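The values are calculated or read from the model by the stated rules, or taken from the named source; none is laboratory data. All figures in this text were calculated on a predicted structure; none of them were measured in a lab. Here the Cβ is made from the backbone with ideal geometry for all residues, glycine too, and neighbour counts use every protein chain on show. Note: areas computed on protein heavy atoms with side chains; ligands, DNA, RNA excluded. Shrake-Rupley method; radii C 1.70, N 1.55, O 1.52, S 1.80 Å.
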Amino acid sequence: MLENLSIRNFALIDSAEIDFSNGFTVLSGETGAGKSILIGAISFVLGGKAGVEQIRTGAGEATVSAVFSIKKENFRPSASAAANAGSSGENAEDDDIHTAYEWLERHGIELEDNTVLLRRFIRENGRGGAWIQNTPVTRTDLAEFSSFLIDIHGQHEHQSLMKVSEHRVFLDSWAGLTDEVKQFTQDYTRLANNRRRLAEISSSMAGREQKIEMLSFAINEINEAKLKKDEDVQLEEEEAKLSSFEKLYADIENVMNYLTPRSEGGIVSMLKKAQGEMSHAAAMDKSLAALESRLDSSFYELSDIAEEVRSYSGSLVFDPNRLAEVQERLALIYKLKKKYASSINASVSEVISYAEKAQQDLDALNDAGTDNSKLKTETEALERTVYMKAKQISEKRKSASEKMASQVMAVLEKLGMNGTRFAVNITEKEGSDVSQKCNPYGMDNVEFLISANRGSAMQGLAKIASGGELSRVMLALKTIFAQTDPVDTMIFDEIDTGIGGEIAVAVGSHMKNLSKNKQILCITHLASIAVYADNQIKVEKGLNGDTVRTSVGKVSGEQRVAEIARMLSGDSESLESREHARSMLEKYS
């Protein structure tokens, strides 16, 4: 429920802080005092449209924040509950989110003591921002989330019952069909997935033999090559060695000659002589010991290198047959790369991976015949199940719709709409088979129809023009939906348009009854409605210097008596009006 509303520089309100209670709250005030501004501020913070004209004159920014408490058991089985129906031609209407808790969890936002803060501002340059708790959100996010919390009925946007897509949801909820429809949605989704899979198999079966032949050839060609990981790299290194044998052999011979030639002029021989001389010198001058040690190390290191070079030289054997084998193997690998890899410079692993994937595709094609037959049988059985369940749900909807329409009309009669007719129009979806006749929620198009005047044709609920009629229809529907509609807070604007006397008393009584399970906020000019309220908030407009400002505050005790008296006769001071107001409050409040 709405616990607190804070307004800064919105329209004519420079500052207002309002704490709300549960039950029935009335908003009253003189015509033009600014009651609609208060509703506008609430609509703004819920994600309604914003414009710079909403900023109070002289201010640079308008800000509205609202605190809501949320019950964990809140559940709205939205019309968007089903998953994507796939290629069957039906569209799932939204993500599968049913509660405020689920929405917050999906967006990584945490509650604090089961409360949530909504905040929104707009600046004079047209830019604005919105937050849920401390998380910045878009206007769309704000509107989506707040739809789980509150409905505004009247000349404003938050009217879930005005959305034809929601009529089926409310009918199912009232008829106790929500769980049954949810199970149907699961079956329908399975059917849609099966059909999609059958279409994929059918597509893959076209040219199946040709695909099998191509895949088998590729697999055999690659497998016969018996490729090894990094084999191409090793072969390329070996080919480079064999192809350059003469140059390699000449280079090694030169190295041998420099190190240990047959004459005594080689590096190792000269180092040997230098070693002897240095040893003799070091015996005479101990400071040469370190140089002697380094010369010794150099001699032994070069001697070892000379020995390894000699050994390598002895192993060098030119094998033209091996060179031919390596080049032939590389030619085969390059050929396979050209056919099955991204390029001839790719790794040989790409060719091996291609063969593995081709084997999987081949296995799938070989199994497709068996899978296709099994899937067809399963799909045919599922089609019969889905169609049968859709028919059963449709029959239950039609049966429930008559009872629901009768209850709505009974409430509307008490609310002063004696000639009003209300009906739930259920039509079967067009199409010639299950795929076209059904969507994830059954085979029915559901729409609420109404005729507000005797003799006039029934029309869709969304076509009602009068705000007063609209609000009373909403009140009637909300009265019978009170136990199944999870939205905790409802605001009724223009509920009293065109009514008075006993009808107004009946409207007030209904509002009071509805507030036993819901938080009800109502703008009214009628004292006979206001006296039923648990709380009353007065909206006043006055001058502060040369500036017109709207103020908002709760009234109780004698202040409330005076306000009811004003609503009764326009005179809050006369003794008769006050006594009349006091007696009505004692009787109805």
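So what is the calculated 222 nm ellipticity per residue for the chain, using -39500 (n - 2.57) for each DSSP H run with n of 4 or more, over all residues, to the nearest 500 deg cm²/dmol?
Per the formula, -17500 deg cm²/dmol.
Before anything else, pin down the relative contact order of the chain: Cα pairs under 8 Å, at least 6 apart, normalised by residue count, whole percent.
Working: 890 pairs, mean separation 122.5, N = 589.
Relative contact order comes out at 21 percent.
Which Cα, out of P320, A306, L336, lies furthest along the positive dipole direction of the stretch 264-362 (beta carbon charges, K/R +1, D/E -1)?
L336
Probe radius 1.4 Å, ligands and nucleic acids ignored: give me the carbon and sulfur share of the accessible area of the stretch 176-215 as a rounded percent. Let's see the in-between values first.
Values: 1180 of 2340 Å².
With neighbouring chains kept in place, the figure for the stretch 176-215 is 51 percent.
Just to confirm the filter: which GluC sites (Glu not before Pro) across the stretch 339-444 are DSSP coil and have at most 15 other Cβ within 10 angstrom of their Cβ?
Taking the stretch 339-444 and a limit of 15 other Cβ atoms within 10 Å, the loop GluC sites (Glu not before Pro) found are E430.
Which pairs, out of K71/K389; K163/K429; K247/K337; K437/K463; K211/K374; K518/K554, put more than 24 Å between their alpha-carbon atoms?
Violating the 24 Å limit, Cα to Cα: K71/K389; K247/K337; K437/K463.
Would you calculate the separation in nanometres between label points at S244 and L291, each defined as 7 Å from the Cα along the Cα-to-beta-carbon direction?
4.0
Ignoring ligands, DNA and RNA, what accessible area per residue does the stretch 508-588 give at 1.4 Å, in Å²?
Numbers: 3850 Å² over 81 residues.
Here the residues of the stretch 508-588 average 47 Å² of exposed surface.
Leaving out ligands, DNA and RNA, and with a 1.4 Å probe, what % of the accessible surface on the stretch 489-551 is carbon or sulfur?
Of all accessible area on the stretch 489-551, carbon and sulfur atoms account for 46 percent.
Would you kindly state how much longer the chain becomes between Y387 and E224 on full extension, computed as 0.36 nm times their sequence separation minus their alpha carbon distance, in nm to one decimal?
That works out to 53.3 nm of additional length.
Restricting to the chain, what percent of DSSP beta bridges are antiparallel, rounded to 5?
Once the DSSP bridges in the chain are tallied, antiparallel ones form about 75 percent.
What residues have an amide H closer than 5 Å to that of F24, excluding those fewer than 5 places away on the same chain, when H is modeled at 1.01 Å from N in the peptide plane?
Amide H neighbours of F24: I520, D534, N535.
Modelled label-to-label distance, E573 and A364, 7 Å Cα→beta-carbon offset: nm?
Modelled inter-label distance: 8.8 nm.
Using a 1.4 Å probe, what is the accessible area per residue for the stretch 316-466, in Å²?
Working: 8350 Å² over 151 residues.
With all protein chains present, the stretch 316-466 gives 55 Å² per residue.
Using the alpha-carbon centroid of each, what span in Å lies between the stretch 325-353 and the stretch 370-404?
After rounding, the separation between the Cα centres reads 55 Å.
Suppose all protein chains stay in the model; what accessible area per residue would a 1.4 Å probe give for the stretch 170-262, in Å²? Don't skip to the end; give the middle numbers.
On the way: 5770 Å² over 93 residues.
Ligands and nucleic acids excluded, the figure is 62 Å² per residue.
Of N193, Q183, L171, which is farthest along the charge dipole of the stretch 168-215 in the positive direction, counting Lys and Arg as +1 and Asp and Glu as -1 at C-beta?
Farthest towards the positive pole: N193.
Check which residues have an amide H placed less than 5 Å from R56's amide H, if you skip close sequence neighbours.
F10, A11
Provide, as a two-decimal number, the C-alpha radius of gyration of the chain over 2.2 N^0.38 Å, N being how many residues it has.
It is 1.75.
Using the beta-carbon distance between S406 and Q183 and R0 = 35 Å, what value does 1/(1 + (r/R0)^6) give for FRET efficiency, to the nearest 0.05?
Calculated transfer efficiency: 0.80.
Whenever you get a sec, compute what percent of the accessible area on the stretch 348-458 sits on carbon and sulfur atoms (1.4 Å probe).
Working: 2640 of 5820 Å².
It is 45 percent, rounded to a whole number.
Taking R0 as 51 Å, what FRET efficiency do you get between R127 and M214 from their Cβ-Cβ distance, rounded to the nearest 0.05?
Here the calculated transfer efficiency is 0.30.
How large is the dipole of the chain about the Cα centre if only Lys and Arg carry +1 and Asp and Glu carry -1, each at its Cβ, rounded to the nearest 20 debye?
That gives a dipole near 2220 debye.
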